[in-house]
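The values are calculated or read from the model by the stated rules, or taken from the named source; none is laboratory data. Nothing here was measured: the structure is a model prediction, and the numbers come from that model. Cβ: placed from backbone, ideal geometry, glycine included. Neighbour counts: every protein chain shown.
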Amino acid sequence: MKLIDVTVIGGGIVGICSALSLQESGLRVRLIDKDNPGQATSFGNAGVISPWSILPHSMPGFWKNIPKLMLTRWRPLSVRAGAWPNIIPWGLNFLSKGTEENTRAIADAMSLLCFPSIDLYRKYLKNTGHENLVKDSSYLQLVTKANESLLKDLGTQIRISKGANIEIIKGLDLRSFEPSISSEFEAGIVIYNTARTLSPGRLCTVLVNKLKAQGANLIKDNILKIHRNGETWFLKGKKKEYQTKFVVISAGAWSKELLSSIKVDVPLITERGYHVHCSKPGIEILNSVVYPEGGVIASSMEGGVRVAGQAEFGSIDEAPDLKREKTLIKISRKMFPDINLNKTNFWMGRRPSFPDSIPVIGSVPNQPGLYVNFGHSHHGLMMAPKSGEILTNIIMQKPINEDINLLNIKRFIK
Ligand SMILES: Cc1cc2nc3c(=O)[nH]c(=O)nc-3n(C[C@H](O)[C@H](O)[C@H](O)COP(=O)(O)OP(=O)(O)OC[C@H]3O[C@@H](n4cnc5c(N)ncnc54)[C@H](O)[C@@H]3O)c2cc1C
């Protein structure tokens, strides 16, 4: 039997988009996931698809916010007790990135990945019958005290320099823009021309069905180890061993462990996040609404309203912090006083995060045939289609006219 061309390990949104792009370039693709594809982190996110989410988390002066983020009422940033030994070196690395020069360089790389996301999703969804899964929207950041310096910060200036249309709205304009928000918010910063998916989980399912219909080989197995013999890669799964010419690791937060089987170590950390999904909210949210003090984004989705976010550093296998459910419910009520929270689902996901907020995409030094596409942190939904396209161009050795140097895994390993 002829060897399959490329095997993608991990069927989150990043693996799914990689597989689609590779398939559409003519390769025979196998996608392996230990569970049902698209039902891990990519299932429960906040659904934002924005060309303007291009700012790394480590920005100049960010360190000054850390005590507030960790100690105030909603604790949008937290560290589980056992995670400190890993978080300290990672956090120092993270803080060292917070210069203006780095911020601008990383914003360029993030812009490359985020800018075409809405169009690429629309291209993938065309003729599936599910085109309405991606909806035009705006991104509204709530502000308790309005002041004129709100648009003067470095982040907003970078966004504007790249073409974002941003303004402050107040009073009646704000109320008619997003009628359900609490009157305690004086203003909102609106970023126009973004989009959101009405169901991140179903978006994955639709794209997986498309992959399958186009002939991809979908397998449910847990890959435990990988190794190479000559030009063939061997993937040892719990059920059986698979052989492949090219292998792509896109297993989100689990990618670090897979790479460790060939002794490659990267500073990837699990940044857990949560959501509550209210199935009978009694309100509609028209935009992606951000409440920075709570560290959450809220929007209406299929099946109700979802309030998602917060950053909790913890080990990949540690159980969710159940107290977060109450916190998210309280935050939801603060943002939307009329919301009905009688029926809610609680969920936790694992963001795969590097200190510089950008993923690794491309080949791995001294490992011919091995490629990576992971580490999309807070932006995996919106970065996935372009990440898959770049990866495909690298594998197919097509010319790449964009600067992708910052996305190379060589920034972490020799
Ligand atoms: C609360 C929250 C809100 C967010 N909001 C947004 C947002 O609004 N917009 C945005 O762009 N991003 C958002 N994100 C980030 C985004 O969800 C992630 O970046 C993205 O889902 C990562 O996708 P992934 O494919 O890399 O990982 P995952 O979705 O986690 O997929 C990894 C897959 O690999 C499989 N796998 C793992 N190990 C193995 C193995 N050994 N063998 C086989 N299969 C394996 C898993 O089963 C899983 O299906 C949010 C994240 C959270 C937590």
Criterion (buried (at least 21 other Cβ atoms within 10 Å of the Cβ), touching a residue at least 12 places away in the same chain (Cβ under 8 Å) and more than 25 Å from K225 (Cα to Cα)) met by exactly one of P385, P352: P385
Failed item, numbered, when R122 is tested on (1) assigned by TED's automatic domain parsing to the domain that holds M59; (2) surrounded by 13 or more Cβ atoms within 10 Å (Cβ to Cβ): (1)
Residues of region 371-403 satisfying the condition of being out of contact with any helix residue (DSSP H, G or I) (no Cβ under 6 Å at 6 or more places or on another chain), more than 15 Å from the ligand (Cβ to nearest atom) and at pLDDT 95 or above: N393, I394, I395, M396, Q397, K398, D403
Residue in region 171-192 that is farthest from A46 (Cα to Cα), counting only those that are polar (S, T, N, Q) and part of a loop (DSSP other than H, G, I, E, B): S183
Qualifying position, being surrounded by fewer than 23 Cβ atoms within 10 Å (Cβ to Cβ), aliphatic (A, V, I, L, M) and closer than 24 Å to G201 by Cα, among I269, I219, I249, I226: I219
Count - residues of region 244-256 that are within 8 Å of the ligand (Cβ to nearest atom) and either assigned to a strand (DSSP E or B) or among the hydrophobic types (A, V, I, L, M, F, W, C) (or both): 3
Selection count where residues are more than 15 Å from L207 (Cβ to Cβ) and surrounded by fewer than 19 Cβ atoms within 10 Å (Cβ to Cβ), scope region 1-26: 7
Any hit, region 257-280, residues being assigned by TED's automatic domain parsing to the domain that holds N345, more than 13 Å from the ligand (Cβ to nearest atom), part of a strand (DSSP E or B) and without any contact (Cβ under 8 Å) to a residue 60 or more places away in the chain: no
